Amino acid sequence: MPAILYGNMKGGVGKTTNSVMTAYQLAKLGYKTLVCDLDPQANATQLLRRTYGLQHGSDLQIDKTMMVALMDENIKPAIVNIMDNLYLLPSSEDFKNYPDFLEMKFMLDNEKIQAGDSNTLQSEMSKVKEQRIAYFAQQLTKVRDEYDFIIIDVPPTLSIFTDSAIYATDFVIIVLQTQQRSLDGAETFFEYLQQMYNDYANVDFDILGVLAVLLKNNAGLDSQILKDAETDFGKDMLFDQIIRHMERLKRYDRTGIAEKDLTKYDMHDTRLHYIYNTLTKEIVSRLKDKGVELK
């Protein structure tokens, strides 16, 4: 049950869209998939709530927020079903309190600090920091075996939310929009991943690849950024499937993901679903090449 995280230090590059579309296609392929929305802005949650509404003709009922479930040390009651094989651990307004909750739950031992030296202080701070970022992974472990895939969505910032997701993931896909700031953000994110990997013995993940998202189809800048990415990350790291600029993705943010049996579905949806189906199959193939056993 591999956990996959899409990341970049720059916002607006398509992390949430690609996370959700991949999860959607995995579900369509028959894999029981859980989307964990660790972004307090809850964009993945909003997209999947609209998808639920589009498919079921009613609002998604969320009886327990993820924040309350994490405080109870039992996230299972907060997980909701979106459609066949697709589940969501939704973010909500109160999830912005997660850092404060962790700070209160895992506090520095002041007596030990006062009795020790600077090395004791550093050791205590490192221990407590890891306890905080490991908490979500520990709660996720309790339900991981129930799913074939877990997709984690994160904010485009260095924060306890991102650290918690990295700590819990098995594979990272770096999302690269073809603009210089996105390339800079991808490089910064890659360096941060290396730092996390080196700092924590229990962090164990692999880079699955770099997913290119074109800013403008067939623009000269697109080609140059892709060449720079090949130089920085290696040609084999770039996914064969490129996500080209498609206006239909913007509609999904507003309406939810369209299905063939719904009246709003047309040839643009057919093309979009084909592209993400191809990408998802490439992801599955790469995982199998890395020795991951999948059905």
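One table, with the values for the structure above:
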item	result
Among Ile242, Val35, Met267 the positive-end extreme of the charge dipole of the chain (Cβ point charges)	Met267
Residue range of the chain that is longest and free of GluC sites (Glu not before Pro) which are both DSSP loop and sparsely packed (at most 13 other C-beta within 10 Å)	74-246
Low-density loop cleavage sites - chymotrypsin sites (Phe, Trp or Tyr not before Pro) in region 62-107, where at most 16 other Cβ are within 10 Å (DSSP)	Phe106
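Computed from the coordinates by the stated procedures, all read-outs in this text should not be read as laboratory data. On a predicted model such as this, the values are computed, not experimentally measured, just so you know. Note that each Cβ is placed from the backbone with ideal geometry, even for glycine, and that neighbours are counted across all protein chains shown.
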